[in-house]
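Here is the structure we will look at.
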Amino acid sequence: MFHPDMYLPTDHDISRAALGFACEWEKGFMNKPHSHWRGQLIYATSGSLKVVSEAGTWIVPPERAVWMPSGMEHAVKAVTQARARFLYLDPDIFKGLPDKGLPDKGLPDNVTVIHMTALMRECLLSFLTLPRLYDEQGSAPHLLAIMVNELRMVQVMPLHLPEPESLRLRAATADLIANLAAPPKLAGLAANAGLSVRSFERHFLRETGLTWRKWVSQARLMEAISQLSNGIRVGDVAHALGYEGSSAFVAMFKKATGHTPGKYFATDGTVFQSRL
């Protein structure tokens, strides 16, 4: 059972290197855009979340988490009913932790979706059983040292959709998101943006780091994960996204994530039975 402190509003002026928070959100809830001076680990023990910022969108399905660096404005939305768990870390947290082979460099500088390892999850849940003003000579620093080390080493997941900077290219991505089952033709989008196809592709790559084709694939993948996490069947998701059949959709999904949809979400049910 979590400590009652974990359900209280966060106070980032607390005199500790880390701060925990736990809450339950209904589907569709979204907090206001905000930032904080601590870095933040965003995780849900059940359900799925979406993290949105000016830099793009990140999907947080079961068994994944988002690392949000300090100072970056963002908002978090519950894609499904979710049990959200947060860990806020002081940027200088390395200085106060026991030496457990931690790297010399600090916390990650970029927003990243990571695989939430079993070790990291259990350490986080254990940390949330402690009071906010935890004993700095007790178990908390050791739990934090393990989590920080895992954070630096865990696998990064391909669940980021970068937003272009210019309004004309953002209009093109909005058109695509609204019509994922039948994506608009590139020539038409380029014309609407007042660009040739080659110029459109060149500007798009420069602003997002992805080719238009890769961005379309990533958008469809993220929408697929969002729908699957809502319990929608694979065949229905494939149809909704314009795939000719389930096999083509599953092949795309496995190529992008390394797993079939079934295996990708296989651990979801076991997590629900752990300490929430």
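Select from region 198-257 the residues that are under 17 Å from PRO164 (Cβ atoms) and basic (Lys, Arg) and write down the one among them that is surrounded by the fewest Cβ atoms within 10 Å (Cβ to Cβ). Steps first, answer last, please.
Looking only at region 198-257, we keep the residues that are under 17 Å from PRO164 (Cβ atoms), and these are 198-219, 222.
From what is left, the residues that are basic (Lys, Arg) are 198, 202, 206, 213-214.
Details: ARG198: 9, ARG202: 12, ARG206: 12, ARG213: 11, LYS214: 13.
By that ranking, first place goes to ARG198.
Note on region 178-224: residues that are free of Cβ contacts under 8 Å to residues at least 24 places away in the same chain, assigned to a helix (DSSP H, G or I) and among the β-branched types (Val, Ile, Thr) amount to 1.
Candidates are the residues of region 102-116 that are crowded, with 18+ Cβ neighbours inside 10 Å and at pLDDT 80 or above; the one that is nearest to VAL60 (Cα to Cα) is VAL113.
Only residues that are under 20 Å from VAL51 (Cα atoms), more than 17 Å from the chain's Cα centre (by Cα) and part of a loop (DSSP other than H, G, I, E, B) were counted across region 124-172, and they come to 2. Residues in region 136-177 that are in contact with a helix residue (DSSP H, G or I) (Cβ under 9 Å, 6 or more places away or on another chain) and free of Cβ contacts under 8 Å to residues at least 40 places away in the same chain were compared, and the one that is surrounded by the most Cβ atoms within 10 Å (Cβ to Cβ) is ALA172.
The values are calculated or read from the model by the stated rules, or taken from the named source; none is laboratory data. The shown structure was predicted, so the numbers you read here are calculated from the model rather than taken from an experiment. We place every Cβ from the backbone using ideal geometry, glycine too, and count neighbours over all the protein chains shown.
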